[in-house]
Amino acid sequence: MNLDFLGDNKRSHYCGNLDASLVGRQVSLCGWVHRRRDLGKLIFVQLRDVSGIVQVVFDSGAFDDFAKVEALRAEYVLWVKGVVQKKGDSGQEVEVLASDILLLNNAPELPVQVNEGTMADEDIRLKYRYLDLRRPALQNIIKTRSKIISGIRRFLDGEGFFEIETPILMKSTPEGARDYLVPSRLQNGKFFALPQSPQIYKQLLMISGFDKYYQIAKCFRDEDLRADRQPEFTQLDMEMSFVTQEDIFAINQRLFQYLFKEILGVDLSEFPRLTYNQAMEDYGSDKPDLRFGMKLKNLSEVLQDTEFKVFASALADGGSVRCVVAPGCGSFSRKQIDEFVAVAKHLGGKGLAHTKVEGGKLEGGVAKFLSDAEQKAIIKTSGAKDGDLIFYASDSNSVVYKVLDGVRRALGKQLGLCDDEQFAFAWITDFPLFEYDQENGRWVACHHMFTNPKEEHLKYFENEADYGKIQGMLYDLVCNGMEISSGSIRCHRADIQKKIFDLLGFEQEELDEKFGFFLEALKYGTPPHGGIAPGIDRLVMIMTKAASIRDVIAFPKTLKAVDLMSQSPSQVDISQLEELGIEIKKNK
RNA sequence: GGGGGUGUAGUUCAGUUGGUUAGAACGUCUGCCUGUCACGCAGAAGGUCGCGAGUUCGAGUCCCGUCACUCCCGCCA
């Protein structure tokens, strides 16, 4: 094979860009054999490059070295010269009648099929990720991701933002998620951490005066994974000075409107807002799927004197009885209902009660345990109509919320209410600042410790009984039941920051060691500031309708945080460990 | 850390009550075919039934353990 592979033979066009306007023109293409249809003296090759696929025709009557063409196999790499012609008599579709080819490389039989053959399981596709990434479906996602990121840069540059890189090797901050640690050779026995987010650095940049900052930031968290969670992921990290929550909402809404219009041609309307308390009350979740209604209803009041033990005992224990109405589902079979009971149990519910509504009365399920008056009240409060099915959960509030949120989502899916083409964004606001950690018997920050409390809630710092009432200037952006962004207005006043640390039970010595440099920085004229960090992987998932976060990352890891292709993480040479002064315990 | 699912040919899957030589489709290979477009036709090769141990005259199938992937709970400021 000639090592000057292409010589003067350059690519003139991309496969996917040929159209009827080029009919009669000579073109040269580079690409892979996607599919081959061999008719003996006539061979059709579907040639694929990153732009798409075009059919190339090889006619033995008009092609000198036909043996070369007969030897072509799937995924061989070609340079092809030929003339564009219409494919068939009618239509706009074109093909290329080849006059010359150069075989640039070959390939053995493939472990996965790149064309539309049987799709291998994900673990095999992950091992051969570079081949899986040749599949047009996956290429389209990665191309859309690229467009989203360039769109973000274009928009924020236009808004006067500075893109600034922050360190990947940074100080470990044991609050919150588990850090990925990196041992230091020059500082033996000490460790860097990979950033869970550039939080502290972006606040320092505000102190430095770069009053509009952003970064397409890689973040790392050593926690267990999910279908929408990877150990390393990408955030659009943003921070602004001299802004209010309203400013951050406005610029983010415009950013998302810009991206959806540019990339999907979709007009997003004004993002509605919901307080955290309202979201929990109506949907049992702080990231509700707002593509459909079916709000939860609280029946605790109308059932306060019920004799039905299951409900009564939950109420007596300080819990609640709530329901969700499944419209028109009164004819569900026992088996269908059991599937929702399974959902409830899966989420920690002891069970899931149900009744039908018929002739203005409750029927079936637990109906016989409820008095006429209670039945009437339930129908009135829930708004259920004849032919509807009602699911009831009774337990502590947190379990009831979790269960009915799950049941509502499952119902939405089953009833076809989760339309992929619809994008239901909403701001969730007024989150609590602290929550009580039962396990460790202490208060912890819900978001992070540098969030500003609401002015009117400063009074609650006086009394531990009120700590749970303190709300922060905290907000999430949700879409279709997924949290895609989370942010806050930061605390820029030392006296308020001190109150927060006191509440969380930090000793001065510990603070100095962990955050001393940051607390010192806050003293020197910190401007009021705040920010947000949309998750780019989840945004790409929503915009490309991907089912898994692994589909939107070029080289993802498995649920056990392993790269099946490179087999990392891996063991390292003993000499590497010795340099670092690290010894591996043998028992694991 | 806990619970569920999956693992059989290169790939996707079937495999009955534990019983002869473990099947199909796609892919691969050989031959034929000048308008295919999931090309077609004829033929062939291809198996550590994830791994280990056990029960049994006999295990893909049953028991135990283990590994990998996946979904969920905990966890993810």
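The values are calculated or read from the model by the stated rules, or taken from the named source; none is laboratory data. All values reported here derive from a predicted model rather than from experimental measurement. Neighbour counts run over all protein chains shown; Cβ positions are idealised from the backbone, glycine included. Protein only, heavy atoms only, side chains kept; ligands, DNA and RNA dropped before computing areas. Shrake-Rupley method; radii C 1.70, N 1.55, O 1.52, S 1.80 Å.
Does the range A:539-562 contain at least one residue that is over 30 Å from A:Leu290 (Cα atoms), within 13 Å of RNA strand B (Cβ to nearest atom) and free of Cβ contacts under 8 Å to residues at least 40 places away in the same chain?
Yes, the range A:539-562 contains at least one residue that is over 30 Å from A:Leu290 (Cα atoms), within 13 Å of RNA strand B (Cβ to nearest atom) and free of Cβ contacts under 8 Å to residues at least 40 places away in the same chain.
A:Ile584 passes all but one of (1) away from RNA strand B (no atom under 14 Å from the Cβ); (2) assigned to a loop (DSSP other than H, G, I, E, B); (3) surrounded by 13 or more Cβ atoms within 10 Å (Cβ to Cβ); which number fails?
Checking A:Ile584 against (1) away from RNA strand B (no atom under 14 Å from the Cβ); (2) assigned to a loop (DSSP other than H, G, I, E, B); (3) surrounded by 13 or more Cβ atoms within 10 Å (Cβ to Cβ), the one that fails is (3).
Which is of a type in the set (A, V, I, L, M), closer than 30 Å to A:Asp537 by Cβ and modelled with pLDDT of 90 or more, of A:Ile500, A:Ile484?
Exactly one residue qualifies, and that residue is A:Ile484.
Given A:Met482, A:Met473, which one is touching a strand residue (DSSP E or B) at 6+ places or on another chain (Cβ under 8 Å) and in contact (Cβ under 8 Å) with a residue 40 or more places away in the chain?
Exactly one residue qualifies, and that residue is A:Met473.
Please go through the range A:150-178 and pick out each residue that is assigned to a helix (DSSP H, G or I) and surrounded by 17 or more Cβ atoms within 10 Å (Cβ to Cβ).
A:Gly151, A:Ile152, A:Phe155, A:Leu156
Quick one: would you say A:Asp49 is at pLDDT 95 or above and of a type in the set (Asp, Glu)?
yes
Could you tell me whether any residue of the range A:445-455 is in contact (Cβ under 8 Å) with a residue 24 or more places away in the chain and away from RNA strand B (no atom under 15 Å from the Cβ)? Spell out how you get there, then give the answer.
Let us first name the residues in the range A:445-455 that are in contact (Cβ under 8 Å) with a residue 24 or more places away in the chain, namely A:445-454.
From the residues that got through so far, the ones that are away from RNA strand B (no atom under 15 Å from the Cβ) too are A:454.
Within the range A:445-455, one or more residues are in contact (Cβ under 8 Å) with a residue 24 or more places away in the chain and away from RNA strand B (no atom under 15 Å from the Cβ).
Tell me, yes or no, whether the range A:89-98 has at least one residue that is surrounded by 19 or more Cβ atoms within 10 Å (Cβ to Cβ), within 28 Å of A:Ser146 (Cα to Cα) and more than 7 Å from RNA strand B (Cβ to nearest atom).
no
Yes or no: A:Ser12 open to solvent by 20 Å² or more (accessible area, probe 1.4 Å), more than 9 Å from RNA strand B (Cβ to nearest atom) and free of Cβ contacts under 8 Å to residues at least 24 places away in the same chain?
Yes: the conditions hold for A:Ser12.
For A:Leu299, which of the numbered conditions (1) surrounded by fewer than 20 Cβ atoms within 10 Å (Cβ to Cβ); (2) over 30 Å from A:Arg153 (Cβ atoms); (3) in contact with a helix residue (DSSP H, G or I) (Cβ under 9 Å, 6 or more places away or on another chain) fails to hold?
If we test A:Leu299 against (1) surrounded by fewer than 20 Cβ atoms within 10 Å (Cβ to Cβ); (2) over 30 Å from A:Arg153 (Cβ atoms); (3) in contact with a helix residue (DSSP H, G or I) (Cβ under 9 Å, 6 or more places away or on another chain), just (1) comes out false.
List every residue pair whose Cβ atoms lie under 6 Å apart, where the two residues are 6 or more positions apart in sequence or sit on different chains, the first residue falls within the range A:214-225 and is assigned to a loop (DSSP other than H, G, I, E, B), and the second residue, located anywhere, is among the small types (Gly, Ala, Ser).
Every condition considered, the pairs that remain are A:Arg221/A:Ala177; A:Glu223/A:Ala177.
Here is a list: A:Val33, A:Val84, A:Val27, A:Val56. Which entry is out of contact with any Gly (no Cβ under 8 Å at 6 or more places or on another chain) and either at pLDDT 95 or above or of a type in the set (Gly, Ala, Ser) (or both)?
Numbers: A:Val84 fails: out of contact with any Gly (no Cβ under 8 Å at 6 or more places or on another chain); A:Val27 fails: out of contact with any Gly (no Cβ under 8 Å at 6 or more places or on another chain); A:Val56 fails: out of contact with any Gly (no Cβ under 8 Å at 6 or more places or on another chain).
Answer to the selection: A:Val33.
Does A:Asp64 satisfy the condition of being of a type in the set (Asp, Glu) and touching a Cys at 6+ places or on another chain (Cβ under 7 Å)?
Details: of a type in the set (Asp, Glu): yes; touching a Cys at 6+ places or on another chain (Cβ under 7 Å): no.
It is false that A:Asp64 is of a type in the set (Asp, Glu) and touching a Cys at 6+ places or on another chain (Cβ under 7 Å).
Being buried (at least 20 other Cβ atoms within 10 Å of the Cβ), of a type in the set (S, T, N, Q) and touching a residue at least 12 places away in the same chain (Cβ under 8 Å), is that true of even one residue in the range A:493-500?
Yes - at least one qualifying residue is present in the range A:493-500.
Within the set of pairs 6 or more residues apart or between chains, which connect a residue that is of a type in the set (A, V, I, L, M, F, W, C) inside the range A:150-168 to a residue that is open to solvent by 80 Å² or more (accessible area, probe 1.4 Å) and assigned to a loop (DSSP other than H, G, I, E, B) with Cβ atoms less than 6 Å apart?
Correct list of pairs: A:Phe162/A:Phe210.
Could you tell me whether any residue of the range A:59-68 is near RNA strand B (Cβ under 10 Å from one of its atoms), more than 30 Å from A:Phe256 (Cβ to Cβ), of a type outside the set (Phe, Trp, Tyr) and in contact (Cβ under 8 Å) with a residue 24 or more places away in the chain? Walk me through it before giving the result.
Step one: of the range A:59-68, the residues near RNA strand B (Cβ under 10 Å from one of its atoms) are A:59-63, A:66.
Narrowing the set further to residues that are more than 30 Å from A:Phe256 (Cβ to Cβ) leaves A:59-63, A:66.
Filter once more, keeping what is of a type outside the set (Phe, Trp, Tyr): A:59-62.
Those left that are additionally in contact (Cβ under 8 Å) with a residue 24 or more places away in the chain: A:59, A:62.
Scanning the range A:59-68 turns up at least one residue that is near RNA strand B (Cβ under 10 Å from one of its atoms), more than 30 Å from A:Phe256 (Cβ to Cβ), of a type outside the set (Phe, Trp, Tyr) and in contact (Cβ under 8 Å) with a residue 24 or more places away in the chain.
Look at the range A:99-140 and say how many of its residues are of a type in the set (Val, Ile, Thr) and more than 8 Å from RNA strand B (Cβ to nearest atom).
The qualifying residues number 2.
Name every residue in the range A:460-484 that is open to solvent by less than 30 Å² (accessible area, probe 1.4 Å), of a type in the set (A, V, I, L, M) and out of contact with any Phe, Trp or Tyr (no Cβ under 8 Å at 6 or more places or on another chain), in order of residue number.
Within the range A:460-484, A:Ile484 is the sole residue that qualifies.
Restricting to the range A:53-66, and then to whatever is open to solvent by 60 Å² or more (accessible area, probe 1.4 Å) and of a type in the set (A, V, I, L, M, F, W, C), can you tell me which residue is nearest to A:Ile142 (Cα to Cα)?
Here the answer is A:Ile53.
Do we find a residue being under 22 Å from A:Leu72 (Cβ atoms), in a helix (DSSP H, G or I) and open to solvent by less than 30 Å² (accessible area, probe 1.4 Å) anywhere in the range A:116-131?
Yes; the residues of the range A:116-131 include at least one that is under 22 Å from A:Leu72 (Cβ atoms), in a helix (DSSP H, G or I) and open to solvent by less than 30 Å² (accessible area, probe 1.4 Å).
Just wondering, is there one or more residues in the range A:236-258 that are within 17 Å of A:Pro534 (Cβ to Cβ), open to solvent by 10 Å² or more (accessible area, probe 1.4 Å) and of a type in the set (D, E, K, R)?
Yes, that holds for at least one residue.
If the requirement is being open to solvent by 70 Å² or more (accessible area, probe 1.4 Å), among the hydrophobic types (A, V, I, L, M, F, W, C) and away from RNA strand B (no atom under 15 Å from the Cβ), which of these qualifies: A:Val77, A:Val27, A:Val50?
A:Val50
Considering the range A:539-562 alone, what residues qualify as being open to solvent by 30 Å² or more (accessible area, probe 1.4 Å) and of a type in the set (A, V, I, L, M)?
A:Ala547, A:Ala554, A:Leu559, A:Val562 - these are the residues of the range A:539-562 that are open to solvent by 30 Å² or more (accessible area, probe 1.4 Å) and of a type in the set (A, V, I, L, M).
Among the residues of the range A:54-94, write down those that are more than 14 Å from A:Leu18 (Cβ to Cβ) and either basic (Lys, Arg) or in contact with a Pro (Cβ under 8 Å, 6 or more places away or on another chain) (or both).
Those that are more than 14 Å from A:Leu18 (Cβ to Cβ) and either basic (Lys, Arg) or in contact with a Pro (Cβ under 8 Å, 6 or more places away or on another chain) (or both): A:Lys68, A:Arg73.
Only one residue in A:Gln576, A:Gln567, A:Gln571, A:Gln497 is more than 16 Å from RNA strand B (Cβ to nearest atom) and not small (Gly, Ala, Ser). Which one? It would help to see each step written out before you state the result.
Values: A:Gln567 fails: more than 16 Å from RNA strand B (Cβ to nearest atom); A:Gln571 fails: more than 16 Å from RNA strand B (Cβ to nearest atom); A:Gln497 fails: more than 16 Å from RNA strand B (Cβ to nearest atom).
Selected residue: A:Gln576, the only one of A:Gln576, A:Gln567, A:Gln571, A:Gln497 that is more than 16 Å from RNA strand B (Cβ to nearest atom) and not small (Gly, Ala, Ser).
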